[in-house]
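Below: the structure, in structure tokens.
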Amino acid sequence: QVQLVESGGGLVQPGGSLRLSCAASGFSFSSYVMSWYRQAPGKERELVATVTTYGGSLNYADSVKGRFTISRDNAKNMVYLQMNSLKAEDTAVYYCKARPWGRDYWGQGTQVTVSS
């Protein structure tokens, strides 16, 4: 079955960096667009970034443009989110999403907390 497992979250100071990873299995990874979403306490889940099947970025949320970079490694079935210049408002649970066969699949999420 489809599995998405995120890792790499943690506590970081403002201005710091983190790299999130998502390990995918159970579907033809290289055939599908992959996305990162996030959900802050009391807010709706929002799209952060999307990467095409060949590794080109499709879009970024305005709030993360110039600071975050999405990438993928089709040989390893992995998708990444490099987050630089982190701000307190980036604090959220970050989720990896795939949509094989027209259905959304989500990982369990990884917590990112930006605080001094």
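The values are calculated or read from the model by the stated rules, or taken from the named source; none is laboratory data. Because the structure is predicted, anything quoted here is derived from the model rather than measured. Here Cβ is always computed from backbone atoms with ideal geometry, including for glycine, and neighbour counts include all displayed protein chains. For accessibility, only protein heavy atoms count, side chains too; no ligands or nucleic acids. Shrake-Rupley method; radii C 1.70, N 1.55, O 1.52, S 1.80 Å.
Points worth noting:
- Order of exposure, largest accessible area first, which applies to LYS65, LYS43, LYS87 with probe 1.4 Å: LYS43, LYS65, LYS87
- Carbon plus sulfur fraction of accessible area for the chain, probe 1.4 Å, in percent: 46 percent
- Modelled label positions at ARG45 and ARG19, each set 7 Å beyond Cα in the direction of Cβ, lie 2.6 nm from each other.
- Ordered by solvent-accessible area of protein heavy atoms (1.4 Å probe), largest first, the residues ASP90, ASP62 come out as ASP62, ASP90.
- Label-to-label distance, nm, for residues given as THR69 and THR52 (7 Å Cα→Cβ offset): 1.8 nm
- Spin-label pair ALA61/ASN84, simplified geometry with 7 Å Cα→Cβ offset, distance in nm: 2.0 nm
- Of the GluC sites (Glu not before Pro) found in segment 19-96, those that fall in a DSSP loop while having at most 10 other beta-carbon atoms within 10 Å are GLU44.
- DSSP beta bridges in the chain [antiparallel fraction, %, rounded to 5]: 90 percent
- Short-range pairs are left out: with C-alpha atoms under 8 Å and at least six residues apart, the relative contact order of the chain is 36 percent.
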